[in-house]
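The values are calculated or read from the model by the stated rules, or taken from the named source; none is laboratory data. Being a predicted model, the structure only gives us computed values, none of them experimental. Methodologically, a virtual Cβ is constructed for each residue, glycine included, from the backbone with ideal geometry; neighbour enumeration extends over all protein chains shown.
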Amino acid sequence: MSEPALQISGLVKRFGSAVAVDGVGLELPRGTLLALLGPNGAGKTTTVEIAEGLQRPDAGTVRVLGLDPHRDRARLRPRIGVMPQGGGAYPGVRTAEMLQLVASCAADPLDVRWLLDVLGLAKAARTPFKRLSGGQQQRLSLACAIVGRPELVFLDEPTAGMDPQARRLVWDLLAALRADGVSILLTTHLMEEAETLADQVVIIDRGRVVAQGSPAELTASDGDAEQLTFRARPGLDVGLLIEALPEGYTVTETAPGSYRVTGKIDPQVVSTVTAWCAQHGVLAEQLHVGSKDLEDVFLELTGRELRA
Amino acid sequence: MTTFDGSFRPGTFTPAPGRGSTWRMLRTHAKVETLLTLRHGEQILLTLLIPLALLIGMTVLDLVPADQLDDADPVGWTTPRILALAVMSSAFTGQAIALGFDRKYGVFKRLAATALPLWVLIGGRIVAGLCVATLQVLILGGVAAALGFRPVLAGVPMAVVLVLAGIVGFGALGVLLGGSLRAEIVLAVANLLWFVLLLAGGIVLAPESLPPGLSTVAEFLPSGALAEGLRAALMHGAAAWDSVAVLVVWGVVGAGLATRTTKLT
């Protein structure tokens, strides 16, 4: 059981002349959760679909539960659970029928009615798939991924299109799966999802891994470059605040009303900033000292321009 | 939204993977596919109600031209053709449309992610097709019998072979159409072909009553072959292996092309 649930190294996948995945490597230890982050088109889904055995790599090695995902696909399929992006159901199939069908593929599935109830789908059990909301379809797809009691689950943007209540429920569910020893690989655009759930975060961009580590490691301040952020009314004259601070500090308004002071943040600096705000009759809200959050790290690494 | 209290008992999700029994997978899948057809209003219209209306209409309203009847009565002339229509409607038109929309809704991407083997996926669909065809034949045959249809019993086994060959031929063509084009286009093309084959493909009009060139073509269309074969078998107790051959050739060619063009996602 010591071998990892998933081991990828040097993975390359090309589509024509475009390189979708360009040397990705990652490792998912058993019973842990790895969040794969990246802008649209970064190669997340391609990486996951190769691990699921749905696509073949051009180079590199992939081991899933110690097996080759393509060659040993028939042996692996009963052991893994998959929630594909945009994967659906028969348009006219009822919610419970679809889950029953997927459950029939497993030797010892979870109780279908219980699982529908847990995911808030009990009332929609007889509703045809095409009449479900986007969030309900997502929850049914998640139910299909876990109903067979898999060892390893792949979830491609599991909470996309869900309301906040459903998202919390799914997070609780994933935490329970992990606690029971299920290994989980999920892709997400939600930094909060990754920070809340993941043992390990891997950020990929343009097909390459640009950072990996625990959320705490990724957001740890590197040396002296610490920061202080706060919110106040937009349009403060940051030049005046820079003058009030010792030499070497920078202050920027990162978004209207969001300010960031960069430099070594010590008690004196915090006091200077709040005093300066007080002098100008400004209430500094959400004052936050120290490390960056995951979104800062993500945007620093992947840039701010929009992707496809 | 849920009666779930929000906490999971530890061990609820402890992995216990394994493949379900093949028989249970096949049964569940075939059941779902059959129910989907029987619940679908337009499918029922196409596979049952329109053939029933034509069967009753053509028999009772005396619509069949006297010179076509030979020595048959109207119900004897009509029933084999309506059975051919029913097979075409379910195995070809209905199948193609269902496949087009199933692809659009991503069901195969979903099922590819389960332990369901491809052959069970295809097998379940075939079993469902046979269930629907059996129902069609029982209902249409029952109504025809009530209207006075008396087939030559010795031709019934041949008719069964023809219906099975029809399902193969039309089914392969249905998969070819439904598996390669966008759902909305499949819908339009499948309905159009249904209408064309009904009128000019040797179903409601016998091939010999069509214009000369067209009549030869119609005999080699799956629609004409099945209708003529069923007529020969049920009315005269004749062997109709040439019709079976035409249907099987369509099936082989259709399936051969379909394995190249079918996209399941």
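Details
- Elements of type helices (runs of 4 or more DSSP H) contained in the range B:1-63, each with 3 or more residues being crowded, with 20+ Cβ neighbours inside 10 Å and away from every other protein chain (no Cβ under 11 Å): B:50-60
- Test: A:PRO234 is touching a helix residue (DSSP H, G or I) at 6+ places or on another chain (Cβ under 6 Å) and either modelled with pLDDT under 90 or under 29 Å from A:TYR249 (Cα atoms) (or both): no
- Residue within the range B:194-206 that is more than 23 Å from B:TRP77 (Cα to Cα) and either touching an Asp or Glu at 6+ places or on another chain (Cβ under 6 Å) or surrounded by 14 or more Cβ atoms within 10 Å (Cβ to Cβ) (or both) present: no
Quick grid of which residues meet (1) closer than 29 Å to B:LEU197 by Cα; (2) surrounded by fewer than 23 Cβ atoms within 10 Å (Cβ to Cβ); (3) over 13 Å from the mean Cα position of the chain (by Cα):
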| position | (1), (2), (3) |
| --- | --- |
| B:ASP102 | yes, no, yes |
| B:VAL107 | no, no, yes |
| B:THR114 | no, no, yes |
| B:GLY123 | yes, yes, yes |
| B:GLY129 | yes, no, no |
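- Criterion (free of Cβ contacts under 8 Å to residues at least 12 places away in the same chain and under 30 Å from A:SER17 (Cβ atoms)) met by exactly one of A:GLU247, A:GLU300, A:GLU243: A:GLU300
- B:LEU138 being within 17 Å of the chain's Cα centre (by Cα), part of a helix (DSSP H, G or I) and surrounded by fewer than 16 Cβ atoms within 10 Å (Cβ to Cβ): yes
- Residue within the range A:133-148 that is facing chain B (nearest Cβ under 9 Å), surrounded by fewer than 19 Cβ atoms within 10 Å (Cβ to Cβ) and either in contact with a Gly (Cβ under 9 Å, 6 or more places away or on another chain) or modelled with pLDDT under 95 (or both) present: no
- Taken across the range B:72-85, residues that are outside any helix (DSSP H, G or I) and touching a residue at least 40 places away in the same chain (Cβ under 8 Å) do occur, with at least one present.
- Conditions (1) crowded, with 19+ Cβ neighbours inside 10 Å; (2) aromatic (Phe, Trp, Tyr); (3) in a helix (DSSP H, G or I); number of the one not met by A:PHE154: (3)
- Whichever residue in the range A:27-45 is at pLDDT 95 or above and not in a loop (DSSP other than H, G, I, E, B) and, among such residues, is surrounded by the most Cβ atoms within 10 Å (Cβ to Cβ): A:LEU36
- Residue ID - nearest to B:ILE167 (Cα to Cα), chosen from residues in the range B:215-243 that are surrounded by 15 or more Cβ atoms within 10 Å (Cβ to Cβ) and polar (S, T, N, Q): B:SER223
- Subset of the range A:1-20 that is touching a residue at least 60 places away in the same chain (Cβ under 8 Å) and closer than 11 Å to A:ALA51 by Cβ - its residue that is surrounded by the fewest Cβ atoms within 10 Å (Cβ to Cβ): A:LEU6
- Some residue of the range A:103-112 being in a strand (DSSP E or B) and either polar (S, T, N, Q) or outside the structural domain of A:ARG178 (by TED's automatic domain parsing) (or both): yes
Listed here are the residues, each with its yes/no results for (1) in contact with a Lys or Arg (Cβ under 6 Å, 6 or more places away or on another chain); (2) among the β-branched types (Val, Ile, Thr); (3) not in a loop (DSSP other than H, G, I, E, B).
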site: A:LEU236; (1), (2), (3): no, no, no
site: A:GLU247; (1), (2), (3): no, no, no
site: A:GLU253; (1), (2), (3): no, no, yes
site: A:VAL270; (1), (2), (3): no, yes, yes
site: A:THR274; (1), (2), (3): no, yes, yes
site: A:CYS277; (1), (2), (3): no, no, yes
site: A:HIS288; (1), (2), (3): no, no, yes
site: A:LYS292; (1), (2), (3): no, no, no
site: A:GLU295; (1), (2), (3): no, no, yes
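- When the residues of the range A:209-228 are filtered to those that are of a type in the set (Val, Ile, Thr) and touching a strand residue (DSSP E or B) at 6+ places or on another chain (Cβ under 7 Å), the one that is modelled with the highest pLDDT is A:VAL209.
- Conditions (1) modelled with pLDDT under 90; (2) surrounded by 14 or more Cβ atoms within 10 Å (Cβ to Cβ): number failed by A:ILE203: (1)
- Test: residue in the range A:60-68 that is under 27 Å from the mean Cα position of the chain (by Cα), modelled with pLDDT of 95 or more and crowded, with 24+ Cβ neighbours inside 10 Å: yes
- Residue in the range A:61-83 that is free of Cβ contacts under 8 Å to residues at least 60 places away in the same chain, farther than 30 Å from A:ASP108 by Cβ and away from chain B (no Cβ under 12 Å) present: yes
- Hits in the range A:162-186 - residues which are part of a helix (DSSP H, G or I), out of contact with any strand residue (DSSP E or B) (no Cβ under 8 Å at 6 or more places or on another chain), within 9 Å of chain B (Cβ to nearest Cβ) and in contact (Cβ under 8 Å) with a residue 12 or more places away in the chain: A:ALA166, A:LEU169, A:LEU173, A:ALA175
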